[in-house]
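Let me begin by presenting the structure, written as structure tokens, before commenting on it.
The values are calculated or read from the model by the stated rules, or taken from the named source; none is laboratory data. Nothing here was measured: the structure is a model prediction, and the numbers come from that model. Note: ideal-geometry Cβ built from the backbone for every residue, glycine included; neighbour counts use all protein chains shown.
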Amino acid sequence: MEQITILEGRQKQVFEKKTGVEQLDISCDTSSLSGSVSQRACVFCGSRVVLYPVADALHLVHGPIGCAAYTWDIRGAVSSGPELHRLSFSTDLQEMDVIYGGEKKLYHSLIELIEKYKPKAAFIYSTCIVGLIGDDIEAVCKKVAKETGIPVLPVHSEGFKGTKKDGYKAACHALMKLIGTGSTEGISKYSINILGEFNLAGEAWIIRKYYEKMGIEVVSTLTGDGRIDAVRRAHGASLNVVQCSGSMTWLAKEMEQKYGIPFIRVSYFGIEDMSKSLYDVAKHFPDRTDIMEAAKQVVSEEVKELYPSLQKFKKALSGKKAAIYVGGAFKTFSLIKALRSIGMSVVLAGSQTGNKDDYARLKEMCDEGTVIVDDSNPVELSKFILEKEADLLIGGVKERPIAFKLGIGFCDHNHERKIPLAGFIGMYNFALEVYQSVMSPVWQFAPRKGVKV
Amino acid sequence: MKHAKTATQNACKLCNPLGACLAFRGIENCVPFLHGSQGCATYIRRYLISHYKEPIDIASSNFHEETAVFGGSHNLKIGLKNVSEQYKPAVIGVATTCLSETIGDDVPGILREYKQEFKNGSPMPVLIHASTPSYQGSHIDGFHAAVRATVKTLAEKGARENLINIFPNMISPADIRYLKEILEDFQVPYMLLPDYSQTMDGGPWGEYHRIPPGGTPASVIAMAGSARASIEFGSTLEASKSAAGYLEDAFGVTRYHLSLPIGIKESDKFFSLLETLTQQDRPEKYNDERRRLVDAYADGHKYVFEQKVIIYGEEDLVVGMTAFLSEIGITPVLCASGGKSGLLRKSIKELIPDMDDMGIKVREGVDFVDIEDEAQLLKPDFLIGNSKGYTMSRKNNIPLLRLGFPIHDRFGGQRMHHLGYRGTQELFDRIVNTVIEQRQNASSIGYTYM
């Protein structure tokens, strides 16, 4: 087979774990290399994914049509009430707007959309060219806020001004402006905010239920099944519980500084991490031993039901090999553990946006010979899938066809999934999906290594 | 009083660069390359993958802040070099974005410099540049811009060959395969562009392919200038924006301009043209296809007669579908498009002169909220168009018959036929079944014969 090499500018973002060999620190937190077909998106994407689930807000994309069209109803972030987030609004800038400025169009768009849809707040996303033509979005937002009486928040998400992570930050910045504007009256001392949980396929509801069973009050979920009024009173919670650390750690730190709310990092994927996320919250309230008791109760009930049902999958999947390439590194840690619990090993682990600490931890967790990549691309992913003879790839939409072309199973662990993978039930769904894909008889027809079947 | 809308709500169009990327995938050994932010390439890949279910690599020059200030020349060159090294392409199709267009990058100039600077390196791919600012037009304009730019870059003058160019517009991989079959059956050499029938709907890989197999080779596109004629589908596609228009101007290759051949009348025009150009009768197999279709029309006519539909999508698809629907007795009470060529009404009128008497309404430059408003007034029996109409279909309880692009909520959009007798047959069957299913569901008796 033809040798596939790693691009010169990317060699520091790929390494293989080998003992006895001195290894370079992985280089990350950098912009993608021009021409390398990164699987990443842009600043706008980062902001859009974080704020998208806020269901009673108007999300207006200020720019040409593409950015709004490609993000119309693409996430499985569900709402228990209003569904304004599932519509797509754009100022649809035309050539003349680019020449003469888009402020007027933005103003009129906002006024008419707010009148029609009566949102609780509006988020205005700037896209690439808005950053160039110099529209004063702040001024337009202020004016509209004054006239309509709702918060109108600019999100500075010009695509080229950084990476997806900067987009997360811009979104958190907009959220910070809302937090602290609502009343905290009646909020229990034993209360939390769930941060970085987007309610894909109803996952936030599952998690929320566990915490409520423990006697914990969930003040707000940022941003899954999100509501503006809940965001406004988030500063009344005693603890921030941060999942998807890439997107929300900044917000947690800001809230810690401004409101003195401590935060912990958790993950809801896999039995081990899911249980830990309940215990860690319980530990935060040591004066109430009943909370810890309730946490133990939840875990024991759930595991008792889950464990036997996993054995069928474990038996079938034992010894199979997985490749993981997802957005955030934190998810990778959980996935490695979850896969091990169903008998699978990990031969490739990587993320779009991990940082140095993340990769150090990954290296520690991984088995000998595991390849670790930052901001990878289809050529590299294919190379390692083939070289390491993976049976499964875990990723998002862009990774899916790579797996299927190469004739291996795939598990969608991205925003579009329709099946909850968080929580104990999520672990069952995850194992089931992996099992159904890896064990499918269709792979018998896939040509392997150039051999015709 | 109702005000004119300012904001676009649930757009019935996509942006210019998407069309260009799809068109470039129809050239053999070609990598599409977007000169702009990383997000453009990623979003477009995701969107195309969800329809075609194929790996779709689109490179990006990945603008940063400094790039936007100082110009994208440096990034573009590094990007081209990296793509050349990693993909070893024969062609790189560079399309611009709103960002690089707004800062005014001179892409042709940068490509010339690049060729000069790297001429002694590895084999130099052909570099094509299409100008596709997203603040102009929609995805279909980007598609045509890329096809025209490809021909402009590659076509050469030569002695007249017995070759027919065919520019089929943005159609499904299955449609492309059918067109190729027809041309092969006529035993006429052809140059079809773009041909993504295999790159966007191919087989499994025993080993890694940098670029999926398939597509029109650059060497074949080079012959386009010496072809005897070009056939171009697309009623609203003007010669000044089209590949065939360019070939006519530059090389005197006659441009035959047809609407998308959907329905018997428009398919007849296409087959007749092929007969004229090749001086031979169509193979009997196509008469058989046509006969079966006429027979099916007879069998199904009562189900469809005087049904009212709304058809939406790219303007040329809407024109073709309108011609077909009107010949089976269905009234397209609204022909709608997010595109805005200014030619939609005129093109429909050319095919259906009594359109106004028939109650056919035409609207360009609309979004799905506009179409939904119309639907509530016009009360169509069903909707015909891509998956993005599902939101209004569900909300208003009007069935949706899916076709075109994108099909994101059904399986096999890439294998759906639309063109010629075969495509029309498939569409007719699906339409009749939509009506039957509706009646069956609405019946309290539960007939097993319908």
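Which one of B:TYR47, B:TYR43 is in a helix (DSSP H, G or I), touching a Leu at 6+ places or on another chain (Cβ under 8 Å), farther than 18 Å from B:GLU101 by Cα and not assigned by TED's automatic domain parsing to the domain that holds B:GLN414? Step by step, each of B:TYR47, B:TYR43 is checked, and only B:TYR47 is in a helix (DSSP H, G or I), touching a Leu at 6+ places or on another chain (Cβ under 8 Å), farther than 18 Å from B:GLU101 by Cα and not assigned by TED's automatic domain parsing to the domain that holds B:GLN414.
Residue-by-condition table, conditions (1) at the interface with chain B (Cβ under 10 Å from one of its Cβ atoms); (2) modelled with pLDDT of 95 or more; (3) surrounded by fewer than 24 Cβ atoms within 10 Å (Cβ to Cβ):
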residue: A:VAL61; (1), (2), (3): yes, yes, no
residue: A:CYS67; (1), (2), (3): yes, yes, no
residue: A:SER79; (1), (2), (3): no, yes, yes
residue: A:PRO82; (1), (2), (3): no, yes, yes
residue: A:SER88; (1), (2), (3): yes, yes, no
residue: A:ASP92; (1), (2), (3): yes, yes, no
residue: A:ILE99; (1), (2), (3): yes, no, yes
residue: A:LYS105; (1), (2), (3): yes, yes, yes
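Listed by position, the helices (runs of 4 or more DSSP H) inside region A:369-453 whose residues that are within 10 Å of chain B (Cβ to nearest Cβ) and in contact with a strand residue (DSSP E or B) (Cβ under 8 Å, 6 or more places away or on another chain) number at least 3 are A:378-387, A:400-405. Taking the numbered list (1) hydrophobic (A, V, I, L, M, F, W, C); (2) within 14 Å of chain B (Cβ to nearest Cβ); (3) surrounded by fewer than 24 Cβ atoms within 10 Å (Cβ to Cβ); (4) more than 21 Å from B:SER134 (Cα to Cα) in turn, A:MET176 passes all entries but (2). In region B:1-40, of all residues being without any contact (Cβ under 8 Å) to a residue 12 or more places away in the chain and either not in a loop (DSSP other than H, G, I, E, B) or not hydrophobic (A, V, I, L, M, F, W, C) (or both), the one that is farthest from the other protein chains (Cβ to nearest Cβ) corresponds to B:LYS2.
Considered as a group, the residues in region B:185-214 that are aliphatic (A, V, I, L, M) and in a loop (DSSP other than H, G, I, E, B) include one that is nearest to A:VAL442 (Cα to Cα), and that residue is B:MET200. The residue list B:TYR114, B:TYR135 contains one member that is assigned to a helix (DSSP H, G or I), within 14 Å of chain A (Cβ to nearest Cβ) and more than 15 Å from B:PHE24 (Cβ to Cβ), which is B:TYR114. Being over 18 Å from the mean Cα position of the chain (by Cα), crowded, with 24+ Cβ neighbours inside 10 Å and over 30 Å from A:TYR211 (Cα atoms): is that true of A:ALA360 here? It is false that A:ALA360 is over 18 Å from the mean Cα position of the chain (by Cα), crowded, with 24+ Cβ neighbours inside 10 Å and over 30 Å from A:TYR211 (Cα atoms).
Can you confirm whether B:VAL31 is buried (at least 24 other Cβ atoms within 10 Å of the Cβ), more than 19 Å from the chain's Cα centre (by Cα) and among the aliphatic types (A, V, I, L, M)? Considered against the rule, which asks whether it is buried (at least 24 other Cβ atoms within 10 Å of the Cβ), more than 19 Å from the chain's Cα centre (by Cα) and among the aliphatic types (A, V, I, L, M), B:VAL31 comes out as no. Being under 25 Å from A:MET255 (Cα atoms) and buried (at least 24 other Cβ atoms within 10 Å of the Cβ) is a property that does not hold for A:PHE160. Only a single item in (1) at pLDDT 95 or above; (2) surrounded by fewer than 20 Cβ atoms within 10 Å (Cβ to Cβ) is not met by B:MET358, and it is number (1). Could you tell me whether region B:191-208 includes any residue that is among the aliphatic types (A, V, I, L, M), more than 14 Å from chain A (Cβ to nearest Cβ) and under 27 Å from B:THR97 (Cα atoms)? Yes, region B:191-208 contains at least one residue that is among the aliphatic types (A, V, I, L, M), more than 14 Å from chain A (Cβ to nearest Cβ) and under 27 Å from B:THR97 (Cα atoms). Restricting attention to region B:145-168, the residues that are surrounded by 23 or more Cβ atoms within 10 Å (Cβ to Cβ) and either at pLDDT below 95 or assigned to a strand (DSSP E or B) (or both) add up to 4. Residue-level analysis places A:GLY226 among those that are in contact (Cβ under 8 Å) with a residue 60 or more places away in the chain, buried (at least 22 other Cβ atoms within 10 Å of the Cβ) and in contact with a Pro (Cβ under 7 Å, 6 or more places away or on another chain). Applying the condition of being without any contact (Cβ under 8 Å) to a residue 60 or more places away in the chain and surrounded by 22 or more Cβ atoms within 10 Å (Cβ to Cβ) to region A:211-223 and asking which residue is farthest from A:THR289 (Cα to Cα) yields A:LEU222.
In a residue-by-residue description of region A:143-151, the property of being closer than 23 Å to B:ARG46 by Cα and either charged (D, E, K, R) or more than 8 Å from every other protein chain (Cβ to nearest Cβ) (or both) applies to no position.
Being without any contact (Cβ under 8 Å) to a residue 12 or more places away in the chain and touching a Phe, Trp or Tyr at 6+ places or on another chain (Cβ under 9 Å) is the requirement here; does A:GLY76 meet it? Criteria not met by A:GLY76.
You will find that of B:PRO204, B:PRO194, B:PRO189, the residue that is surrounded by fewer than 23 Cβ atoms within 10 Å (Cβ to Cβ) and touching a residue at least 12 places away in the same chain (Cβ under 8 Å) is B:PRO189 and no other.
When B:ARG160, B:ARG148 are checked against the criterion of being within 25 Å of B:LEU317 (Cβ to Cβ), of a type in the set (D, E, K, R), in contact with a Lys or Arg (Cβ under 7 Å, 6 or more places away or on another chain) and touching a residue at least 40 places away in the same chain (Cβ under 8 Å), B:ARG148 stands alone in meeting it. Checked against (1) closer than 30 Å to A:GLU380 by Cα; (2) touching a Cys at 6+ places or on another chain (Cβ under 6 Å), A:LEU251 passes all but condition (1).
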